[in-house]
1. Might you let me know whether the stretch 24-32 holds any residue that is in contact with a strand residue (DSSP E or B) (Cβ under 7 Å, 6 or more places away or on another chain) and either aromatic (Phe, Trp, Tyr) or open to solvent by less than 80 Å² (accessible area, probe 1.4 Å) (or both)?
2. Would you list the helices (runs of 4 or more DSSP H) that sit entirely within the stretch 26-103 and hold 2 or more residues that are closer than 30 Å to Asp565 by Cα?
3. Given the criteria touching a helix residue (DSSP H, G or I) at 6+ places or on another chain (Cβ under 8 Å) and hydrophobic (A, V, I, L, M, F, W, C), does Ile482 qualify?
4. Go through the stretch 530-579 and give me each residue that's within 17 Å of the chain's Cα centre (by Cα), hydrophobic (A, V, I, L, M, F, W, C) and farther than 22 Å from Phe144 by Cα.
5. In the set Pro59, Pro55, which member is more than 23 Å from Trp572 (Cβ to Cβ), modelled with pLDDT under 95 and in contact with a Phe, Trp or Tyr (Cβ under 7 Å, 6 or more places away or on another chain)?
6. Give the stretch 474-512 a look and list any residue that's among the aliphatic types (A, V, I, L, M), modelled with pLDDT of 75 or more and closer than 19 Å to Val58 by Cβ, or say none.
7. Just one of the numbered conditions (1) at pLDDT 95 or above; (2) surrounded by fewer than 23 Cβ atoms within 10 Å (Cβ to Cβ); (3) not β-branched (Val, Ile, Thr) is not true of Gly527; which one?
Amino acid sequence: MECGPILPDSLVLEIFLRLPHDAVLRAGLTCRQWLAVSRDEFLWRELFYSYYRIPRSVPRHPAAVSWHREFKRLFDCIPCVEVQTLREHSDQVLHLAFSHRGHRFSSCSKDCTVKLWDTERPDGNISLVHSSSMRQFNWGYTQFSQFNADDSLLLVSGVYLGPHHSSSGEIAVISLENYTLLSRVRNKPYDVFGCWLNETHLISGNLHWIGNMTSCSVLWLNKAFQDIESENVNVVKRLFKIQNINASTIRTVMVAHCRRHDNPDLVLDYEAQSQAQRQKGQQRQHQPLLFDLGTSGSEEEDEEEEGEGEGQRQARCQGPSTARLSQSTISPLEQVIQSCKNISLRDLEIETQVAQMMGRAHTKAPDSGLIEPSEPVEGEDKTYLLFTTGSLTYSPHQIGIKLIKPDQMTTSGPVLGEERSSDEFFDSLDHVIDIHGHIIGMGLSPDHRYLYVNSRAWPAGCVISDPMFPPPIAEEIDLHVIDLKSLREERRSLRAHRAFTPNDECFFIFLDVSRDFVASGAEDKHGYIWDRHYNICLARLAHDDVVNSVAFSPADQELLLSASDDSTIKVWRSPRMVRLAQAPARPPRPRGLLSSWLSRNKNSTSANSVNGKP
């Protein structure tokens, strides 16, 4: 059959440039010429930038093979198709956590259970394998969980229903071999959450008050269980004792194992890099002020004093409720206001000034060689303890960073820091990053180089005159990116998700990071997915209520989970994975004549050898 006149390639390309990407793909099926033009790199470069609305100053991902494949990756490999809804929880689902292998995940809920789920069923569906209720231990609800490095133990953090509506929490360690409870550790305040330092040791918190707005946070290293070998060895050891002023406390601890980063998974040098360098010298660094909160008695003795007035002391500066409490529980902020309403602002200012003076006199000086943000040491492995804190108000607005030395990663050695001199009973922070807003979530990249932070910004140029009244917070949630190698914020914050609750009722929104994507929940009943390299929002995941937590499978970033106040966990897979799962099984390929002849000849030779024939 004779074909008509052939259009020049240049003219076909001009036509394709004016078509949407799906029309280009369909047109490429017409003939060989159009197919070749439809794979043109210049064409897909233009389609890529126009469709995703990415500034042309942003380069292509360094791992991308072609513009066409990069377009297809962002379009076809995002886990945005709902494939399953898990309804086994009877109340709000607050947190999700995958095992390191990705074969299981855990979920925590206001129904006070922690549930374990299997992701490796042959039919591709996720099923419940175990559920543990923590009500027998007087918990109000479970709020956070984390697998240890070899997936043999599960850390579960919850809110403890102590006397006078205290702010105490508790951490439980569960064996994943037989689901037995191995240990329980007090954790105060409850929104410290807790975390694993290594396979066998976890970090918890404690809080002690000395003034109306002055306290100290003690971070403890705990062995997950006591075996025969540890009977004569410490199972608990104090890591750090840090002063808090202006009603702030340490919360949301996590550990980052920062190793050599010769091949970072992000390219952060484009666009705003030079601007970030200029702004670095202009921004005021807010260093924490430290103060001794009590030298009489040990931490254990203070902890046992849960008598009259415990509620006022423990929750005095707990601040906003980062995890939603039951209706019968008085919010921590109300207790803060109640305890301070009879105290004049002048008295509070004097307390802060005294705390600053005492802190300077009794705080261990930081080691200048531990952290040098401007000139990081190449090839040196470091372990950082990260947490939220503050110095201006009870609202968590700063990220504190403390280097953990190798000799501090075991409970062996001095228990209560006897190696310190008597006058240096507080630890200074090694580095502080001020977010200038209310921090409501943090997550680490898989390689632990980048820290992603959810925050609700304060108004530009705001001044805090009273720590009990922090600035109003924005409804938009900003997602900041901090490079833990340089210890600075590296690029513009992402903004697509929203929150609506005021400062004193702010929700904690857990986020998660995979190799290529970052995801977060939001109060607008959606989860969100961004591409880490291009800084763009790729998908919105619908729920019927607030989305509290999201989690990527570490084994397959095209599998994502989201947890919501609607009491469900939704399972999301990419369009590519859904298409592959629905495709009929391919029949086996017919073998060629040569391979069939070789196979028959091999079988014949084997049979002759068995029968003793040459």
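The values are calculated or read from the model by the stated rules, or taken from the named source; none is laboratory data. Because the structure is predicted, anything quoted here is derived from the model rather than measured. We place every Cβ from the backbone using ideal geometry, glycine too, and count neighbours over all the protein chains shown. Ligands, DNA and RNA are excluded from the accessible area calculation, which covers all protein heavy atoms including side chains. Shrake-Rupley method; radii C 1.70, N 1.55, O 1.52, S 1.80 Å.
1. Looking for residues that are in contact with a strand residue (DSSP E or B) (Cβ under 7 Å, 6 or more places away or on another chain) and either aromatic (Phe, Trp, Tyr) or open to solvent by less than 80 Å² (accessible area, probe 1.4 Å) (or both), one finds none in the stretch 24-32, hence no.
2. Values: elements: 32-37, 41-52, 67-76.
So the answer is 67-76.
3. no
4. Trp530
5. On the way: Pro55 fails: in contact with a Phe, Trp or Tyr (Cβ under 7 Å, 6 or more places away or on another chain).
The conditions single out Pro59.
6. Residues satisfying the conditions are Leu479, Val481, Leu494.
7. (2)
Quick grid of which residues meet (1) within 30 Å of Asp22 (Cα to Cα); (2) outside the structural domain of Ser564 (by the TED database); (3) of a type in the set (D, E, K, R):
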| position | (1), (2), (3) |
| --- | --- |
| Arg45 | yes, yes, yes |
| Val65 | yes, yes, no |
| Arg87 | no, no, yes |
| Phe98 | no, no, no |
| Arg104 | no, no, yes |
